[in-house]
Amino acid sequence: MVSFAGINFKNRVTLASGTCGFGREIAELYDLSRLGGICTKGVTLLPRLGNLPPRVAETPAGMLNSVGLQNPGVEAFVRDELPFLRGFDTKIIANFSGESPEEFAKIAAILVEGGVDMLEVNISCPNLHAGGTAFGTDPVASFEVTYAVKEAAKGVPVMVKLTPNVTDIAAIAVACEKAGADALSLINTLLGMRIDLKTGKPILANVTGGLSGPAVFPVALRCVWQVARAVKLPIMGLGGISDVDTAREMLLAGATMLSIGTAQFRNPLIPLEIIDGLGE
Amino acid sequence: MSSAVRQIAENIYSLEAYAPELAKSAQPGQFAHIDCGGSAYLRRPLSVCDVSEESGFVRFVFELKGEGTRQLANSQYQISEPQVGRALGKGFPEVDGRVLLIGGGLGAAPLLFAARRCGADAVLGFANGKRAILIPEFSAACGTVNVFTDDGSLGKAGVVDLSGVDLSQYSAVFACGPKAMLRNCQLMLAKEQLPLYVSMEEHMACGYGACLVCVCATKKGYSRVCKDGPVFESGAIIW
Ligand SMILES: Cc1cc2nc3c(=O)[nH]c(=O)nc-3n(C[C@H](O)[C@H](O)[C@H](O)COP(=O)(O)OP(=O)(O)OC[C@H]3O[C@@H](n4cnc5c(N)ncnc54)[C@H](O)[C@@H]3O)c2cc1C
Ligand SMILES: Cc1cc2nc3c(=O)[nH]c(=O)nc-3n(C[C@H](O)[C@H](O)[C@H](O)COP(=O)(O)O)c2cc1C
Ligand code: FES
């Protein structure tokens, strides 16, 4: 049992948002009740089609994705997906994003009403009121979103997910702490791109995408280390964890909980191996 | 020995890998998502071309493209069952009656497996004779086999053409190949009352429906090629 932001998790391992959908495909492979928790695919207020394909490009020890938050919308998530997930004895951490603090709060209220265990606030998305720069790159915008969600959450723990695409991640972490966040998760993907030498054009239709996988692990570890020394909030560490050793390193850097993403694409059973390997 | 690879045409290889679970469970049109080892981080999708339930071996036929397939083409390299993984995706439907198979290039691979499981005839198109694959296998598994090559070096010259084919004898058409060929099939068969099933390709990450990177545009929005496909009813695709 691991206590994290006031919730008791059966172990430290969760699945990372966007890498496990709403759990259905993973449930064909193993019992989701074995997991500490599941961070569900990011939802938005209205359904989103997502970006044009191709949406993936391989990189050395990792990949870029430009899914573009394809999702059925928060209402459909609560109606069609949450009841299925509730059938498992694991914590449901709902990842979501909005275009303004008010919209974040509105989605949070719907998720809390629907009965999720924890909110994961994805502030890596563009802030439409600030010309599209990500909320999570600005301490003030990060504060505003966190504050608005915390008010709407009615006591359900609020975890803010930080982007590494910043100069000083600790400053953002401090802003989220001041705004009342209960926990932080980090890191989201690093912005990158690749060009196809045969065509001379970017591989991703969206041009840029988020880098994930073992390639980002040292960056993730550094971010967790810096944030753990700047705030008192408990941390869910993620980014490139791919085996028991990298999981242990992440805990040593200051994380209490872990989330496994891209490594599942090579071996979908890796979260269970990490749970067993950590001896929990 | 868990796997064996050999070259069968210009730049094209045949891989037989010991994967008894996959051999037993795979359906025509399904694929395996293969961990090729080396520096290829993501798995690579390859269609199941043939299976032997008795020996437990599964056959794949692939073109040498980049890092992943280069690793697979190395005859020193042994691929293990976990690297091959399980049967993925939605394959071709089971149909009563004869099926017409239309394959372009490497697209012939999954159709051979389909030919093993139903009464079928095949129309195959290749760039040239040196790139032609699996013709003896198709000849053994099918009633008739018509071959086209772009340069006329084997079979008839030109792209796949159905004008000489009596379509009334078929209950369905299965097609796999380059997108331009599939679109052409859709056009050629638009006026017929024949269901056309096409196998689509898109770059993948998970291969089992969880990450949403492999989508193609369908009338229901973006569908996952790895889970909702790779085989789709042609009318559902936005071409
Ligand atoms: C369902 C399905 C079945 C397939 N079956 C076959 C088959 O039977 N025989 C065959 O030769 N090829 C098949 N392909 C294409 C095959 O997956 C690619 O040629 C292969 O992934 C190239 O890998 P690479 O490392 O050699 O090339 P690289 O160019 O190094 O690959 C880089 C990245 O792009 C991806 N990629 C490149 N081309 C394709 C492509 N056409 N489709 C999907 N991903 C691609 C790779 O998987 C990898 O992630 C299939 C594709 C799909 C989607
Ligand atoms: C295909 C894909 C989709 C993702 N979707 C989301 C998302 O919807 N919301 C989010 O906060 N993070 C999303 N992420 C980021 C991951 O949750 C994670 O932060 C990142 O991939 C780093 O971890 P990893 O290296 O273990 O994958 C996505 C990542 C991938 C690869
Ligand atoms: S590759 Fe992940 S959903 Fe298809």
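Please tell me if B:Gly91 is in contact with a Phe, Trp or Tyr (Cβ under 6 Å, 6 or more places away or on another chain) and within 16 Å of ligand 3 (Cβ to nearest atom). No: the conditions fail for B:Gly91. Taking the stretch A:2-40 as the range and being assigned to a loop (DSSP other than H, G, I, E, B), more than 12 Å from chain B (Cβ to nearest Cβ) and on the phi < 0 side of the Ramachandran plot as the test, the residues that pass are A:Lys10, A:Asn11, A:Arg12, A:Tyr30, A:Asp31, A:Leu35, A:Gly36.
Among the conditions (1) away from ligand 3 (no atom under 16 Å from the Cβ); (2) away from chain A (no Cβ under 14 Å), B:Thr69 misses just one, which is (2).
Residues in the stretch B:227-239: is at least one open to solvent by less than 50 Å² (accessible area, probe 1.4 Å), within 16 Å of ligand 2 (Cβ to nearest atom) and within 14 Å of chain A (Cβ to nearest Cβ)?
So the first thing to find is which residues in the stretch B:227-239 are open to solvent by less than 50 Å² (accessible area, probe 1.4 Å), and the list is B:229-232, B:234-237.
So of that shortlist, the ones also within 16 Å of ligand 2 (Cβ to nearest atom) come out as none.
Checked the stretch B:227-239: no residue is open to solvent by less than 50 Å² (accessible area, probe 1.4 Å), within 16 Å of ligand 2 (Cβ to nearest atom) and within 14 Å of chain A (Cβ to nearest Cβ).
State which residue pairs qualify: first residue free of Cβ contacts under 8 Å to residues at least 24 places away in the same chain and inside the stretch B:217-234, second residue assigned to a loop (DSSP other than H, G, I, E, B) and within 15 Å of ligand 1 (Cβ to nearest atom) in any location, beta carbons under 6 Å apart, and separation of 6 or more residues or different chains. Hits for this filter: B:Arg224/B:Gly209; B:Arg224/B:Cys214. Total residues in the stretch A:41-56 satisfying the condition of being within 12 Å of chain B (Cβ to nearest Cβ) and touching a residue at least 60 places away in the same chain (Cβ under 8 Å): the figure is 7.
If only residues of the stretch A:42-70 that are within 16 Å of A:Ser17 (Cα to Cα) and open to solvent by less than 10 Å² (accessible area, probe 1.4 Å) are counted, the one that is nearest to ligand 1 (Cβ to nearest atom) is A:Met63.
Each residue in the stretch B:40-58 was checked for being away from ligand 3 (no atom under 16 Å from the Cβ) and closer than 27 Å to A:Ala263 by Cα, and 2 of them qualify.
The values are calculated or read from the model by the stated rules, or taken from the named source; none is laboratory data. All of these numbers come straight from a predicted model, not from anything done at the bench. Virtual Cβ from ideal backbone geometry, glycine too; neighbours counted across all protein chains shown. Surface areas here come from the heavy atoms of the whole protein model, side chains and all, with no ligands, DNA or RNA. Shrake-Rupley method; radii C 1.70, N 1.55, O 1.52, S 1.80 Å.
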